[in-house]
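Asker: Handing you this structure, nothing more for now.
The values are calculated or read from the model by the stated rules, or taken from the named source; none is laboratory data. Just so it is clear, the structure is predicted and the values come from calculations on it, not from any experiment. Positions of Cβ are backbone-derived with ideal geometry, glycine not excepted, and every protein chain shown enters the neighbour counts.
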Amino acid sequence: MKIAIIGSVGIPSKYGGFETLAHQLVDHLSDKVELTVYCSAQQYTKRPKCYKNAKLEYISLNANGMQSIPYDVISILKAYKKNDVLLILGVAGVFILPFVKFFSKTKICVHIDGMEWKREKWRIYAKMYLKYTERLALFISDSIIADNQAILANVPEKYHYKTSMITYGGNHANESQLTKVLLSKLEIDFDEYAFSVCRIVPENNIRTILNAFKKENKKIVFVGNWYDSNYGISIWQDFNEEPMIKLINPIYNQEELDALRSNCSLYIHGHSAGGTNPSLVEAISLSLNIVCYDVCFNRETLKGHGYFFKSEGELRSVISKKLTYKSSKRELQEFANENYNWNKIATSYYALFKDLYAK
C-alpha cells in the first residue's frame, strides 16, 4: 500500500501540527506502508531522498501563504499516479481533485484542518476561496478527517458517513530539565514564569495576552515567529523592552522547547481558530497548568482540564491569582494518554488507509 502525505512543510518536522503529524506517521507506519512525504525545498538546505524508510519529494515553493496553492497542486499531480491513497493536509489545493478523480482510481483523504477560512489572517477573497475548497473537499474526497468534535459539528450531516474524527498526539513532548546554560543562552533571568508558543497571527490573541501580563506585572516567556510579518514586528517593538516579558524567536530544538514549557507555572494558549491545536495537546501531555482562550475547539480539547478567558480583563483576573491545577498531574497524564497518544492515532490512520485501499 503506497501512501503520499501532501500539504505539510515536510520532515524532519520543524514546527506546526501538519509537520508533526507527518513526522509521527512516518515514525509509526513506515514499516507497514510505503510512505512518500512531499516537502518544501525552500525550508531544507539538506534534502535527503529518504527519512526513516519514507521517501521524500521536494517542491521548490513555500508550503504556506499564497504559494501553498501551487505547492499542494504540484504535489498532488506528482503523487496521484504513483500512490494508492493521497493524504492531503489542508484544503488549499483541492480544486485539482476533480481532475485526479477523473483520471485515476487513487483514493483521496483530506484533513480539513480547523476551518481555515475563518482565520483572521486571510483577506475576504482568500476566505471565500478556502471556504469553497473546503466544501469541494467534503463533496469529492473519499474520506474526510476532522481533528476536533467542534469541527465535526460544522460538517454537513450528509458527509458524516465518510468523516473520521482523529486528533493530534502530544506524547512526543517530554519533561526536560531547565538548565542554567539554556537560560543564559536565551537571556532569561526569570525564576517563575508563564509560557506561550504559537505562530504570531491575529487569531492567536497575542496582544491580549501580553497586555494582560504587562498590566499585572507578571512574568511570561513567549516564543514565536516575530519577524515574519508586520503584525509580529509591531508586537515585538511594543513589548520587547518590557522587563517582565521575554519574547523569543522560534525554537526548533525539541528538548529546549520542552524544557521551557515543562518548567513554567502557567501555560497560556490564545488560539481562537482551528481545531485540536498541537501546542495545546503537547501542554496537556506535559501535565501543565493551562489557561486557554474560550472557544468551542479549546473546550473540546481540554474537556474541563483548565481555565479559560475571553478578554484581556478576564485573563488579568485569572493570572492575578495563584492558580491551582483543576486536575491532578496523574489525571492529566491519563487523559492525555487516552486521547492524545500517537500510537493510538497512528493506528486510526492505518485502519483508515486500509479501509480506503480495500474499496
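Asker: Within the set of pairs 6+ apart or on separate chains, which have a first residue in region 122-136 that is closer than 15 Å to Gly65 by Cα, a second that is not in a loop (DSSP other than H, G, I, E, B) and not aliphatic (A, V, I, L, M), and C-beta atoms under 6 Å apart?
Answerer: Lys127/Trp117; Leu130/Glu116; Leu130/Trp117
Asker: Here are some residues: Ile145, Ile140, Ile233. Which one is of a type in the set (Val, Ile, Thr) and crowded, with 16+ Cβ neighbours inside 10 Å?
Answerer: Matching residue, one of Ile145, Ile140, Ile233: Ile145.
Asker: Could you please let me know if Ile151 is buried (at least 20 other Cβ atoms within 10 Å of the Cβ), modelled with pLDDT under 90 and not aromatic (Phe, Trp, Tyr)?
Answerer: yes
Yes or no, residue by residue, for (1) surrounded by 17 or more Cβ atoms within 10 Å (Cβ to Cβ); (2) modelled with pLDDT of 95 or more; (3) under 21 Å from the mean Cα position of the chain (by Cα); (4) not assigned by TED's automatic domain parsing to the domain that holds Ser164:
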| site | (1), (2), (3), (4) |
| --- | --- |
| His305 | yes, no, yes, yes |
| Phe308 | yes, yes, yes, yes |
| Lys322 | no, no, no, yes |
| Lys326 | no, no, no, yes |
| Glu331 | no, no, no, yes |
| Ala346 | yes, yes, yes, no |
| Ala351 | no, yes, no, no |
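Asker: Hey, another quick one. So, in region 51-88, how many residues would count as being assigned to a strand (DSSP E or B), modelled with pLDDT of 95 or more and under 28 Å from Asp355 (Cα atoms)?
Answerer: Quick first cut of region 51-88, residues assigned to a strand (DSSP E or B) only: 51, 54-59, 85-88.
Okay, now just the ones that are also modelled with pLDDT of 95 or more, so 54-59, 85-88.
Checking which are under 28 Å from Asp355 (Cα atoms) leaves us with 54-57, 85-88.
Of the residues in region 51-88, 8 are assigned to a strand (DSSP E or B), modelled with pLDDT of 95 or more and under 28 Å from Asp355 (Cα atoms).
Asker: Shifting gears a bit: Within the bounds of region 171-191, is there any residue that is surrounded by 20 or more Cβ atoms within 10 Å (Cβ to Cβ) and more than 22 Å from Pro243 (Cα to Cα)?
Answerer: Among the residues of region 171-191, at least one is surrounded by 20 or more Cβ atoms within 10 Å (Cβ to Cβ) and more than 22 Å from Pro243 (Cα to Cα), which makes the answer yes.
Asker: Related question: Scan region 295-320 for residues that are of a type outside the set (Phe, Trp, Tyr) and over 17 Å from Leu210 (Cα atoms) and jot them down.
Answerer: Val295, Cys296, Asn298, Arg299, Glu300, Thr301, Leu302, Lys303, Gly304, His305, Gly306
Asker: Can you tell which of Ile290, Ile284 is in the same structural domain as Leu315 (by TED's automatic domain parsing), buried (at least 24 other Cβ atoms within 10 Å of the Cβ) and in contact (Cβ under 8 Å) with a residue 40 or more places away in the chain?
Answerer: So the residue among Ile290, Ile284 that is in the same structural domain as Leu315 (by TED's automatic domain parsing), buried (at least 24 other Cβ atoms within 10 Å of the Cβ) and in contact (Cβ under 8 Å) with a residue 40 or more places away in the chain is Ile284.
Asker: Also, quick follow-up: For region 31-50, which residues satisfy the criterion of being crowded, with 18+ Cβ neighbours inside 10 Å and hydroxyl-bearing (Ser, Thr, Tyr)?
Answerer: Looking only at region 31-50, we keep the residues that are crowded, with 18+ Cβ neighbours inside 10 Å, and these are 33, 35-40.
Matches in region 31-50: Thr36, Tyr38, Ser40.
Matching residues to (1) part of a helix (DSSP H, G or I); (2) under 18 Å from Ser320 (Cβ atoms); (3) in the same structural domain as Asn64 (by TED's automatic domain parsing):
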site	(1), (2), (3)
Leu210	yes, yes, no
Phe213	yes, yes, no
Tyr227	no, no, no
Ile233	yes, no, no
Pro250	no, no, no
Leu257	yes, no, no
Asn298	yes, no, no
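Asker: Another one. Go through region 10-27 and give me each residue that's in a helix (DSSP H, G or I), in contact (Cβ under 8 Å) with a residue 12 or more places away in the chain and under 21 Å from Gly275 (Cβ atoms).
Answerer: If the condition is that a residue be in a helix (DSSP H, G or I), in contact (Cβ under 8 Å) with a residue 12 or more places away in the chain and under 21 Å from Gly275 (Cβ atoms), then Gly17, Phe18, Thr20, Leu21, Ala22, His23, Gln24, Leu25 are the ones that fit.
Asker: A follow-up question, please. Residue by residue through region 154-204, note down the ones that are touching a residue at least 40 places away in the same chain (Cβ under 8 Å), of a type outside the set (Val, Ile, Thr), touching a strand residue (DSSP E or B) at 6+ places or on another chain (Cβ under 9 Å) and within 30 Å of Ala137 (Cα to Cα).
Answerer: Across region 154-204, the qualifying residues are Ser164, Cys198, Asn204.
Asker: Further, regarding this structure: Step by step: first the residues of region 165-181, then only those that are of a type in the set (A, V, I, L, M) and within 25 Å of the chain's Cα centre (by Cα), then the one that is farthest from Thr347 (Cα to Cα). Which residue is that?
Answerer: Applying the filter and picking the extreme gives Leu178.
Asker: Can you find, within region 28-50, the residue that is nearest to Ala92 (Cα to Cα) among those that are in contact (Cβ under 8 Å) with a residue 40 or more places away in the chain and part of a loop (DSSP other than H, G, I, E, B)?
Answerer: The extreme case among them is Val33.
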